[in-house]
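The values are calculated or read from the model by the stated rules, or taken from the named source; none is laboratory data. Note that the coordinates shown come from a computational prediction; the quantities given were computed from them, not determined experimentally. Every residue, glycine as well, gets a Cβ built from its backbone with ideal geometry; the counts of neighbours run over all protein chains shown.
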Amino acid sequence: MTTLLTPQKAEKYQVDISIKQSINGMIDDLMASLPNPNHLTSSERRGMIARYTAVLEGNFIYWMTAALLSVQSEEARPILLDNLHEEIRDAHPAMLRRFAIAAHAFPTDTDALAIHEDLTNVRLFLGKLSGVQSVLTMAFFEGFIQRFMGYLADLAKAQGSTEMEYTDVHGVCDIEHTEGLFRALAVEMEINPLDSKQDLFEGVYLLRALVVNIVFNRTATRAA
Ligand SMILES: [Fe+2]
């Protein structure tokens, strides 16, 4: 079931600035923690691209769809649909696969298993179809991806690749998408507010753990 706000009413809803600041702060911290690509070995650079690809190629559209299924506000839907439309029309998973192959970083079973646990946690969380939490999780994801693109391109360049369509496209378009998701969040918070006992950032924390694993490969750290 969906609920509709009048355009005038929808317009006035803005996400609390403190929520945006928390998300941006988490992204700033992640960016500040990234190791210098030139200080990494070729195998470490390859692994980071491969784990990123293992997460994003098969899951981004799935998770944006989960957010779409979870919202009750009619105004949030076009924003999520617009995002999905672009992903599918321009075949972003194909673009990412080309990027990974060109950097000699196509994921192996080891790469896929390295992120298995954290990936499963995000999948199960989004399966709860909690509107506000899911949209906030995707806003964090889009915001992070956009900021991470320059770094991902540097990793690929250091691996000798010149195939940069994926990083070029996502460094630009996701700025709009992140803003759109914050608008969707504001409306959803009005129509379908989160139970006060639940943590607004539950999904964001799970996704952040997955991103940290993409960067630092905690499975390797634990095994060492
Ligand atoms: Fe994309």
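Of note:
- Listed by first and then second residue, the pairs with beta-carbon distance under 7 Å, at least 6 apart or on different chains, first residue in the range 78-104 and more than 11 Å from the ligand (Cβ to nearest atom), second basic (Lys, Arg), are Ile79/Arg183; His104/Arg46.
- Residue in the range 180-203 that is within 16 Å of the ligand (Cβ to nearest atom), without any contact (Cβ under 8 Å) to a residue 40 or more places away in the chain and aliphatic (A, V, I, L, M) present: no
- The set of residues in the range 51-80 being modelled with pLDDT of 95 or more, part of a helix (DSSP H, G or I) and more than 16 Å from the chain's Cα centre (by Cα) consists of Leu69, Ser70.
- Complete set of residues in the range 10-34 that are over 30 Å from Gln72 (Cα atoms) and either within 16 Å of the ligand (Cβ to nearest atom) or in contact with a helix residue (DSSP H, G or I) (Cβ under 8 Å, 6 or more places away or on another chain) (or both): Leu30, Met31, Ser33, Leu34
- Inspection of the range 148-161 identifies no residue that is among the aliphatic types (A, V, I, L, M), surrounded by fewer than 18 Cβ atoms within 10 Å (Cβ to Cβ), within 16 Å of the ligand (Cβ to nearest atom) and without any contact (Cβ under 8 Å) to a residue 40 or more places away in the chain.
- All of Thr167, Thr162 fail the test of being in a helix (DSSP H, G or I) and among the hydroxyl-bearing types (Ser, Thr, Tyr), apart from Thr167.
- Selection count where residues are within 13 Å of the chain's Cα centre (by Cα) and aliphatic (A, V, I, L, M), scope the range 114-140: 7
- Residue match in the range 120-143 (condition: modelled with pLDDT under 95, of a type outside the set (A, V, I, L, M) and closer than 19 Å to Gln21 by Cβ): yes
- Residue that is nearest to the ligand (Cβ to nearest atom), among those in the range 46-77 that are under 14 Å from Leu181 (Cα atoms) and free of Cβ contacts under 8 Å to residues at least 40 places away in the same chain: Thr65
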